[in-house]
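What follows is a set of notes on a single structure, which appears directly below.
The values are calculated or read from the model by the stated rules, or taken from the named source; none is laboratory data. What you are looking at is a predicted structure, and each value in this text was computed from that prediction instead of being measured. All Cβ positions, even for glycine, are placed from backbone atoms using ideal geometry, and neighbour counts span all protein chains on display. SASA here: full protein model, heavy atoms, side chains in, ligands and nucleic acids out. Shrake-Rupley method; radii C 1.70, N 1.55, O 1.52, S 1.80 Å.
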Amino acid sequence: MKAWKFIASIVLVLLAAFVGYGAGLYRHAATTPRLSTPYQAVLLTNGQAYFGRLERLGSSYLDLRDVFYIQSQVDQETNEAVNTLVKRGKEWHGPDRMILNADHVLFIEPVTPGSMVAKLIADARTKGKD
C-alpha cells in the first residue's frame with residue numbers, strides 16, 4: 001500500500017510541475033509585445049540608438065538585423081550639425097547583425113513607414129541594389 005501512495009505522490013508532483021511549466025509558457029507568450037512595423041528603433045542604456053529588424057523579442061538576447069544608425073557631424077563652414085543614416089556592415093569585422101542583451105535595451109519603438117527614418121532606410125536599400 002505504501003508503494004501506491006508513493007507512486008501517486010510522484011504523479012501529482014509531475015502533474016503540478018507540468019501545469020506550472022505550461023502556465024509559465026502561456027504567461028510569457030501573452031506578455032511578449034507584437035511588432036507591427038518592418039523596422040524598429042532600439043535605444044540602449046548607454047544612449048546609443050539603432051534602427052533595424054528586431055527578432056527574438058521576449059528572449060534574453062535580441063537579434064537586430066539590417067541595422068542602421070545616425071552619425072552626427074558638424075559642418076565646419078556653417079557650424080551646423082549634419083545627421084546621416086549609416087548602414088552597419090561595412091566595418092572591418094563585417095557584422096551581419098547585432099545581438100543585444102535585452103537587459104541593456106531601454107526601449108523599442110516602431111519606425112512608421114511614413115517617417116523620415118523609414119524613407120532614409122528605403123533610399124539606402126535602393127542605392128545598395130545599384
Fraction of accessible area attributable to carbon and sulfur, segment 74-115 (%, probe 1.4 Å): 52
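In what sequence, highest mean first, do 69-79, 39-49 appear when ranked by Cβ atoms within 10 angstrom?
Details: 69-79: 9.5, 39-49: 14.7.
My ranking of the peptides, most packed first, is 39-49, 69-79.
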